[in-house]
Structures are given as C-alpha cells and as structure tokens.
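Trainee: Submitted below is the structure of interest, expressed as structure tokens.
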Amino acid sequence: MFKAKVIVKRRPSILDPQGKAVEIGAGHLGLRNIRDTRIGKYIEFTLDTDNKEAAEKEVNDYCIKLLSNPIMEDYEFTLEPVPPINHEERVSEKAEVK
C-alpha cells in the first residue's frame, strides 16, 4: 500500500482571484507584508497496491481526470509506502472508541 500526497496549484500564468481575496482580507486584519498569495489544494489518499509503478500511474490518472484542471492547474505528488491495514483490527479499534 502507498499513501499519496497531492498538491494542486494554479499555473503561475493564471490569475488567482481567491488568493487575491484572501490577501485583501489579510490587509484588513493589519497584516501589511503579505504578497502574491496563491490558493491550492492538498489531497491525501491511500492506494491498495504494492506495485509502485501502478500506484504512480493511478495517481497521475486521478489527478488528470478528477483532482486537477489540466488547462489551468499543475499538480505534484509523493508516494510513501505504508503497511497494509488489517481491517479486523480497524473494526475493533472503532468499537473501542465508542
């Protein structure tokens, strides 16, 4: 299994109205040195495969087809191996929390 961590950002050539709005808000709060604010997305998920190449391909497909807009956004990701989760242990952990 792998944990994917994806960052999606607008391309530098694309205006970021949300970033500009947040920057203006910072000014209203007295934060006068904030510049060039860009807003992006951070996404984490796990992949149930032990094949790193397959995981990379699936993350790329996920990013291109759903998580990003390839016309105006770029993305980058990392993959970290994680030990498989024993679903029976996970169910008992949830039962203990209740």
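The values are calculated or read from the model by the stated rules, or taken from the named source; none is laboratory data. This structure is a prediction, so every number in the text was calculated from the model and none was measured. Cβ placement follows ideal geometry from the backbone for every residue including glycine, while neighbour counts extend to all protein chains displayed.
Trainee: How many residues are within 16 Å of Pro70 (Cα to Cα), surrounded by 11 or more Cβ atoms within 10 Å (Cβ to Cβ) and aliphatic (A, V, I, L, M) when one looks only at the range 1-38?
Mentor: To start, the set of residues in the range 1-38 that are within 16 Å of Pro70 (Cα to Cα) comprises 6-16.
From what is left, the residues that are surrounded by 11 or more Cβ atoms within 10 Å (Cβ to Cβ) are 6-11, 14, 16.
Remaining after also requiring aliphatic (A, V, I, L, M): 6-8, 14.
Number of matching residues: 4.
Trainee: Cβ-Cβ below 6 Å, separation at least six or inter-chain, first residue in the range 59-84 and over 21 Å from Asp16 (Cα atoms), second among the small types (Gly, Ala, Ser) and at pLDDT 95 or above: which pairs?
Mentor: Here the result reads Val59/Ala4; Phe77/Ala4; Leu79/Ala4; Leu79/Ala55, each pair linking the range 59-84 to a residue that is among the small types (Gly, Ala, Ser) and at pLDDT 95 or above.
Trainee: Write out, first by first residue and then by second, each pair whose Cβ atoms fall under 7 Å of each other, whose residues are 6+ apart or on separate chains, and whose first residue, in the range 5-32, is in contact (Cβ under 8 Å) with a residue 60 or more places away in the chain and assigned to a strand (DSSP E or B) while the second is surrounded by 12 or more Cβ atoms within 10 Å (Cβ to Cβ) and of a type in the set (S, T, N, Q).
Mentor: Close Cβ pairs satisfying both conditions: Val8/Ser68.
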